[in-house]
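These notes are about the structure you will find just below.
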Amino acid sequence: MTRATLPGWTMPWWMWILWGGTIIWATSNAVNVTDGLDGLASGSALLGFLAFTIVGYIALRYRDIYGDVVNPLDLAVLAAAFAGACGGFLWFNAAPARIFMGDVGALGLGTALALLSLTLNTQVLLLLICGINVMEAGSVAVQMIVFKASGRKKRLFRMSPIHHHFELVGWPETTVIIRFWLIAGICVASALALFVADFSKQVSGR
């Protein structure tokens with residue numbers, strides 16, 4: 001689902017509730033897992049909200065191509081507001097942090113990202129837009145699987161989530177944060193590239 005009409009799957013209402021609930025649960029917890037270093041979760045979420053701002057604007061500007069999205073301008077403004085809030089928060093949350101996010105903030109950001117993907121019909125793109133969060137949550141799942149499969153004797157990472165692994169390897173905290181921001185930026189840019197490529201193809205085919 002890179003666009004409301006692509007791939008154009010139709011779900012019965014009960015399946016949509018399960019689908020939406022799963023996305024909200026997974027995204028909110030993935031962002032919460034990412035919130036382990038100063039500025040990591042807020043910086044990566046800021047990039048995701050900027051991406052949804054662009055998607056919302058395109059949905060507003062080209063409704064005939066993008067599909068039926070309810071109130072795309074409001075969604076774009078909401079995404080921009082969250083991006084601005086993350087930027088303002090990051091000013092004080094950058095290492096060494098003077099203000100901490102906590103579970104309430106991280107779960108809220110993850111839920112907002114999930115709801116924007118659901119309302120803008122870009123749920124598949126969410127995997128890339130929140131690529132760093134997928135990597136963080138995935139590292140926890142893989143660590144648990146390896147640990148239990150080995151009879152509680154082996155670990156794939158020195159510590160999970162994976163940002164703690166790199167800290168134990170010897171990377172300074174700021175190095176881990178900035179490099180993970182770069183990975184998040186690459187993921188978001190890739191998601192937007194896929195979105196724009198599909199959109200451009202639709203425009204040229206009119």
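In this simple spin-label model, placing a label point 7 Å from the Cα along the Cα-to-Cβ direction at both LYS201 and PHE92 gives a separation of 4.6 nm.
The HN-Hα couplings worked out from phi for the range 186-198 by the Karplus form 6.51 cos²θ - 1.76 cosθ + 1.60 (θ = phi - 60°) are 5, 5, 5, 4, 5, 5, 5, 4, 5, 5, 5, 4, 5 Hz, whole numbers, x standing for Gly and Pro.
Expressed as an acute angle from 0 to 90° and rounded to the nearest 10, what is the orientation of the C-alpha long axis of helix 40-61 relative to the principal long axis of the chain? That helix lies at roughly 10 degrees to the long axis. With a Förster radius of 30 Å applied to the C-beta separation of PHE100 and LYS153, the computed FRET efficiency comes to 0.30.
Each helix, a run of at least 4 DSSP H residues, gives -39500 (n - 2.57); summed and divided by the residues of the chain, these come to -25000 deg cm²/dmol at 222 nm. Among SER190, SER150, SER28, the residue with the largest mean-square fluctuation in a Gaussian network model of the chain, with springs joining Cα atoms closer than 10 Å, is SER150.
The alpha-carbon positions of the range 65-188 define a convex hull whose volume is 134 Å³ per residue. Across every pair of non-identical alpha carbons in the range 1-130, the mean reciprocal distance, once inverted, gives a Kirkwood radius of 15.0 Å. Here the Gaussian network model covers the chain, with springs between Cα atoms less than 10 Å apart; of ALA114, ALA85, ALA30, ALA85 fluctuates the most.
Between the exposed loop cleavage positions of the chain, defined as chymotrypsin sites (Phe, Trp or Tyr not before Pro) in a non-H, G, I, E, B DSSP state with at most 13 neighbouring beta-carbon atoms within 10 angstrom, the longest gap is 101-206.
Using a Förster distance of 35 Å, how high is the FRET efficiency between TRP13 and VAL142, based on the Cβ-Cβ distance and rounded to 0.05?
Once the sixth-power term is evaluated, E becomes 0.55.
No lab work stands behind these numbers, since they all come straight from the coordinates. Quantities reported herein were computed from a predicted structural model and do not represent experimental measurements. In this analysis, Cβ positions are derived from the backbone assuming ideal geometry, glycine residues included, and neighbour counts consider all displayed protein chains.
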